[in-house]
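Student: Okay, here's the structure, questions in a sec.
The values are calculated or read from the model by the stated rules, or taken from the named source; none is laboratory data. Worth saying up front: this structure is predicted, and the values here are computed from it rather than measured. All Cβ positions, glycine included, derive from the backbone under ideal geometry; neighbour counts span all protein chains shown.
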Amino acid sequence: MALRRPGEGVAHLMRRTTHYFIFIFILFFLFSSMALAQVQTQIRVIQASNAGSTIDPSLRDVHSELGSLFNFTSYRLLKDETLSLSPNRPVSVPVHQGRSIEITLVRQHRDTAKLIVKIKRDGTDILNTQVRLSPGRTVLIGGPKHGEGVIILALSARF
């Protein structure tokens, strides 16, 4: 049987307790940084066509960009959703019968968020692209045909 010096048991207990506190601190730091990594993303699904000349009033903030990038006379908002994205956790938004949009936050830095955007038809990707969003900016993505026109996605983020 080994004899311990006075105070040796207390020192051993203090080292163990310190290791537990360090472990708990690291876990707390990891979970709090994951919570901070959430990006609030607005996705607007727009139908653009040359049938008529109507501009949906809720699209006024992007109307000039739509007109400079796309050659259509009518823009109608089909869906407007705000999503809370966490890193590497895809969020799916049903859009139309058999169609959905899947958005995944890949990376977030102080002034940009990198997203993967997929449009799926019956589970198959018909559009797969990456975008970089800056707070306060809107990115427009031309999509597949829909009705008499096409789908355009307008993405913006807050973080």
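Student: Which of the residues that make up the range 103-137 are in contact (Cβ under 8 Å) with a residue 12 or more places away in the chain and either in a loop (DSSP other than H, G, I, E, B) or touching an Asp or Glu at 6+ places or on another chain (Cβ under 7 Å) (or both)?
Tutor: Correct list: D111, T112, K118, K120, D122, S134, P135, G136, R137.
Student: Next question. Go through the range 124-145 and give me each residue that's among the small types (G, A, S) and under 12 Å from I101 (Cα atoms).
Tutor: Within the range 124-145, G143 is the sole residue that qualifies.
Student: Tell me yes or no: at least one residue of the range 43-50 is modelled with pLDDT of 75 or more and not in a strand (DSSP E or B).
Tutor: Taking every residue of the range 43-50 in turn, at least one turns out to be modelled with pLDDT of 75 or more and not in a strand (DSSP E or B).
Student: For G147, work out the one condition from (1) surrounded by 12 or more Cβ atoms within 10 Å (Cβ to Cβ); (2) more than 24 Å from D56 (Cα to Cα); (3) among the small types (G, A, S) it doesn't fulfil.
Tutor: (2)
Student: Now for a separate question. What single numbered condition from (1) outside any helix (DSSP H, G or I); (2) at pLDDT below 95 fails to hold for G67?
Tutor: For G67, the exception is condition (1).
Yes/no per residue for (1) of a type in the set (S, T, N, Q); (2) touching a helix residue (DSSP H, G or I) at 6+ places or on another chain (Cβ under 8 Å); (3) within 15 Å of G142 (Cα to Cα):
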position	(1), (2), (3)
G67	no, no, yes
Q97	yes, no, no
I101	no, no, yes
A113	no, no, no
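Student: Can you tell me which residue among D61, D80 is part of a strand (DSSP E or B), in the same structural domain as A113 (by TED's automatic domain parsing) and of a type in the set (D, E)?
Tutor: Selected residue: D80, the only one of D61, D80 that is part of a strand (DSSP E or B), in the same structural domain as A113 (by TED's automatic domain parsing) and of a type in the set (D, E).
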